[in-house]
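Have a look at the structure below, then the notes.
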Amino acid sequence: MIQFKKISKIFYPKTVAVKDINLSIRPKEFVSIVGQSGAGKSTLIKLLTSQLKPNSGQIIVGGWDITDIKAKEIPLLRRQIGVVYQDFKLLPSKNIYENVAFALEVCGVPNKRINSVVPQVLKIVGLKEKAGHYPDQISGGEIQRAAIARALVHRPKILLADEPTGNLDSLNTKDIIDLLLKINEFGTTIMLVTHNKDVVNRIKKRVVLMDHGEIISDQEEGKYIL
Amino acid sequence: MFASTFRVTKFALQDFFRNFWLSLVTLTILVLALVTVNLLVIFNVVAKTAINTIEDKVDISIYFKSEISEDQVMNVQKYIQGLAQVKSVDYISKEQALENFKNKHQDNPKIIQSVEEIEKNPLGASLIIKAKNSSDYPAVLDILQTPQYNNLIESKDFDDHKTVIEKINGITQKVGRSVIIIALVFALISILIIFNAIRMAIYTHREEIFAMKLIGATDWFVEGPFLLQGVIFGIMSMVITLLILYPLLGFIRPYLQLILEGDFNIVKYFNQNFLLIFGLELLGAILLNLISSYIAVKRYVKV
C-alpha cells in the first residue's frame, strides 16, 4: 500500500530529516512510527501528503508513484489519504458537521450524498449530538474525533495520524486509539506517528523505530523500546 | 463546475457573516479609503471651478479711435472671433458706449452736462474679448500688435490685467500640479491601506487555508471564496460610500455655492458624472481587492 524506497530528505544546507528510508506497509496494516522529536517521523507524513518532496528515492502510494507528482495532482492524492494532526486543523468558522462535509465538498461530492454520509460518520465517532457545535465549543478529545471523522468521510484506504493524542489526556488518548483500531478493523491502513510509549505498547501492532532520520528497528507486534 | 461555483459562493458569504467583526473592520477601511478618494474629487472640482470663475471674470477691452467706422470694427471683430484661442468677442458701438457712460455717471450731473455740451460723441467703439484660457491672452494681443490692427486702436486695457492674468496662470498651473501630486499620494495611500486590510483579513485565515489544502482542496476552491469576498467588499464599500457621500455633498453644497459665487452645484456635478466617477471607483476597488486577495492567498496555498 505504501512504499518508501531509499528515501532521503535533506533541508538546506545539510540538515538530514530522513536518510535512505526503506519501508513497506501492506494494505490493512496498522503501523506505529515511533521515535523522539526530530527523528524524522513527521517528515514521512509530509512526504506522503506531498507537503515535501524527497531529494532522492521513490515513494509509491497504492501503486501510484508520487515521487515527482505534479502540483495539479496533489489535491487528488490528498483526497485519497486521510490525515489527522496533533493540532486537529479543523476550520474554526465551520461547525463540526460542516467541517466533516467540507472534505466531501472539495471532492465535488453531490449534496445528497453528503447529507447521507456525514451523519453516519459522525455517529461512528460518537459526535452525532455535537454536529452543530463549533470546534471551540467542544473538548479536545471531541475535536480530535471530529478530525478523524473528516479524515474518514471520503473513505480513504490510508489514514495517517500524526501525533493524534499529543494534546489529549490519557482517557481521551485511549478513546482515540480505540477508534483508530476500530477503523483499522474495517480495512483502512493506518500509519500512526507517535512518541507515546504507553499507546504503542498497548496496541501490540507493528512498530517502526526511527532515530536521527533512520529506521533502527522494525518489529511485528513490537514495543517502543529506546 | 456549477456545484463547485455554488459552494465557493456559499463559503464566501458564510465566511463574510461568520467573521462579522473582521468583515466590518475590512469594510470600514475600504469605505474610508473610498471616501478619501471622493474628498479629493471634490477638492479637484472646487479648485477647477474656482479658477474657471476667476478666469471668466478676466477679459480685455480694445478701444478704437473715434474716427474708425463701424465696418472696420466689425471686420476686426470677425477676424478675432475666428481665432482658435478666442471664446467670445462682444461689440460695443459708439452709441452704446455713450449710453453706458451716461448710465454709469447718472448720479453725477456735472459729468452728464459736460458730455451734452460737447454735442459730438467723444467715445469710440470697443470690443470685449474673452479668451478660452487666461494663458491665451498674450497670443491674442500679439496679433493685435501688428500695424494692420494697431493703427485702429486707441487703447487696450490688457496691461491693467496683465499681472492678474499672470498670477491666475501661475495659480492654475500650481493647483493643477498639486492636484496631480495629491491624487497620486492619496491613490498610493489608499492602495496600501486596502492591500494591507485584505492581507490582514486573509492572514487570519492562514491556518484554515492550510487545512483546506491538506484535505485536498484545489487552489481555485481555496482562493475562490476570498476572491469573491473581494468583489463583495468592493461593491458593499462603494454602496456605503455613496450613502455617506451624498448627504455630505448636500451639506456642503450651499457653502460651496456661496464661496464660488455662481450656480455651481456639487451634487449636480456628481450626478452628471455618476457613472464615470463611481464606475471607475467601483472598478478600481474591485480590481484592487481581487489583486490583493490573490497575492495574499497565493502565499498560503503553496502547501
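Taken together, the values in this text are just the output of simple stated rules run on the coordinates, not laboratory data. Everything numeric here is computed off the predicted structure, so don't read it as measured data. For neighbour counting, all protein chains shown are included, and Cβ atoms are generated from backbone atoms with ideal geometry for every residue, glycine included.
Could you go through region B:255-270 in sequence order and give the Karplus-derived ³J(HN,Hα) for each residue, using 6.51 cos²θ - 1.76 cosθ + 1.60 with θ = phi - 60°, rounded to whole Hz, and x for Gly and Pro?
Whole-Hz 3J(HN,Hα) from phi for region B:255-270: 5, 5, 4, 5, 5, 8, 6, x, 9, 5, 10, 5, 5, 4, 4, 5.
Can you bin region B:29-109 into rounded, prolate or oblate? Criterion: square roots of the alpha carbon gyration tensor eigenvalues sorted a ≥ b ≥ c, rounded for a/c under 1.5, prolate for a/b above b/c, oblate for the rest.
Oblate shape, in that a/c is at least 1.5 and b/c is the bigger or equal ratio.
Tell me which residues come under 5 Å, amide H to amide H, from residue A:218 once H is placed; ignore anything under 5 positions away on its chain.
Answer set, sorted by chain and number: A:209.
Scan around residue A:29 for amide H atoms under 5 Å from its own, H built in the peptide plane at 1.01 Å from N, and keep only partners 5 or more places away or cross-chain.
A:190
Would you mind ranking A:157, A:123, B:156, A:9 by Cβ crowding within 10 Å, fewest neighbours first?
With the sparsest Cβ surroundings first, the list reads A:123, A:157, B:156, A:9.
Taking neighbour Cβ counts within 10 Å as the exposure measure, how do B:137, B:294, B:269 sort from fewest upward?
B:294, B:269, B:137
Order of A:211-224, B:106-119, B:174-187 by packing, highest average Cβ count within 10 Å first?
A:211-224, B:174-187, B:106-119
Relative to the present Cα-Cα distance, how much length would full extension add between residue A:53 and residue A:36 at 0.36 nm per residue of separation?
Roughly 3.9 nm would be gained on extension.
Output the relative contact order of chain B, whole-number percent, from Cα pairs under 8 angstrom with separation of 6+ residues.
28 percent
Placing unit charges on C-beta atoms (Lys and Arg positive, Asp and Glu negative, everything else neutral), compute the dipole magnitude of the protein assembly as shown about its Cα centre in debye, rounded to 20.
The dipole of the protein assembly as shown has a size of about 3500 debye.
At a Förster distance of 51 Å, what's the computed FRET efficiency of residue B:43 paired with residue B:148, Cβ-Cβ distance as r, to 0.05?
My answer for the efficiency is 0.65.
Please turn the phi angles of region B:219-229 into ³J(HN,Hα) values with the Karplus equation 6.51 cos²θ - 1.76 cosθ + 1.60 (θ = phi - 60°), one per residue in order, whole Hz, x for glycine and proline.
Listing the rounded values in order: 4, 4, 5, 7, 6, x, x, 5, 5, 5, 4 Hz.
Please compute the alpha carbon radius of gyration of the protein assembly as shown, then divide it by the globular-protein estimate 2.2 N^0.38 Å. Two decimals is fine.
After normalising by residue count via 2.2 N^0.38 Å, the value is 1.70.
Quantify how much of the Cα-Cα distance distribution of chain B extends past 34 Å, in percent.
51 percent
Extending each Cα 7 Å along its Cβ direction at residue B:180 and residue B:261, get the distance between those two points in nm, one decimal.
The modelled label-to-label distance comes out at 3.0 nm.
Would you work out the charge dipole size for region B:66-151 about its Cα centre, treating the Cβ of every Lys and Arg as +1 and the Cβ of every Asp and Glu as -1, and quote it to the nearest 20 debye?
Its charge dipole is roughly 340 debye.
Just to verify a number: FRET efficiency for residue A:11 and residue B:243, C-beta to C-beta distance, R0 = 56 Å, to 0.05?
0.55
On a 0 to 90 degree scale, rounded to 10, what angle separates helix B:2-18 from the longest Cα axis of chain B?
For helix B:2-18, the angle is close to 80 degrees.
Please give the average number of partner chain Cβ atoms lying within 10 Å of the Cβ of each residue in A:7-14, rounded to a whole number.
0
Taking residue B:298 as the anchor, which aspartates and glutamates have their alpha carbon closer than 13 Å to its alpha carbon, excluding any fewer than eight residues away along the same chain?
Here the aspartates and glutamates satisfying the reach criterion relative to residue B:298 are B:219, B:223.
Return the sequence-ordered ³J(HN,Hα) values of region B:41-51 in whole Hz as given by the Karplus equation 6.51 cos²θ - 1.76 cosθ + 1.60 applied to θ = phi - 60°, using x for Gly and Pro.
Computed from phi, the couplings for region B:41-51 are 4, 4, 4, 4, 5, 5, 4, 5, 5, 4, 5 Hz.
Would you mind computing, in nm to one decimal, how far apart the modelled labels at residue B:116 and residue B:56 are, each placed 7 Å from Cα along Cα→Cβ?
A separation of 3.9 nm, rounded to one decimal place.
Please compute, for peptide B:217-223, the average count of beta-carbon atoms on other protein chains lying within 10 Å of each residue's beta-carbon.
Going residue by residue through B:217-223 and averaging, the value is 4.
With no solvent and one point per C-alpha, what does the Debye sum give as log10 I(q)/I(0) for chain A at q = 0.08, 0.15 Å⁻¹?
-0.28, -1.00
Looking only at other chains, what is the average number of their beta-carbon atoms within 10 angstrom of each beta-carbon in A:186-198?
0
What fraction of the DSSP beta bridges in chain A is antiparallel, stated in percent and rounded to the nearest 5?
50 percent
So how do A:12, B:79, B:300, B:255 line up by other beta-carbon neighbours within 10 Å, fewest first?
So the ranking, lowest neighbour count to highest, is A:12, B:255, B:79, B:300.
Just the number, please: percent antiparallel of the DSSP beta bridges in region A:104-226, rounded to the nearest 5.
50 percent
Return the loop-located GluC sites (Glu not before Pro) in region B:1-72 (DSSP other than H, G, I, E, B) with at most 12 other Cβ atoms within 10 Å of their own Cβ; answer none if there are none.
When the GluC sites (Glu not before Pro) of region B:1-72 are filtered for loop state and at most 12 Cβ neighbours within 10 Å, B:67 remain.
Per q in 0.12, 0.14, 0.22 1/Å, what log10 I(q)/I(0) does a Debye calculation on the alpha-carbon atoms of region A:90-155 return?
Taken in order of the listed q values, log10 I(q)/I(0) reads -0.23, -0.32, -0.80.
For the pair residue B:96/residue A:71, report the inter-label distance in nm, with labels modelled 7 Å from Cα in the Cβ direction.
Using points 7 Å along Cα→Cβ, the separation is 7.5 nm.
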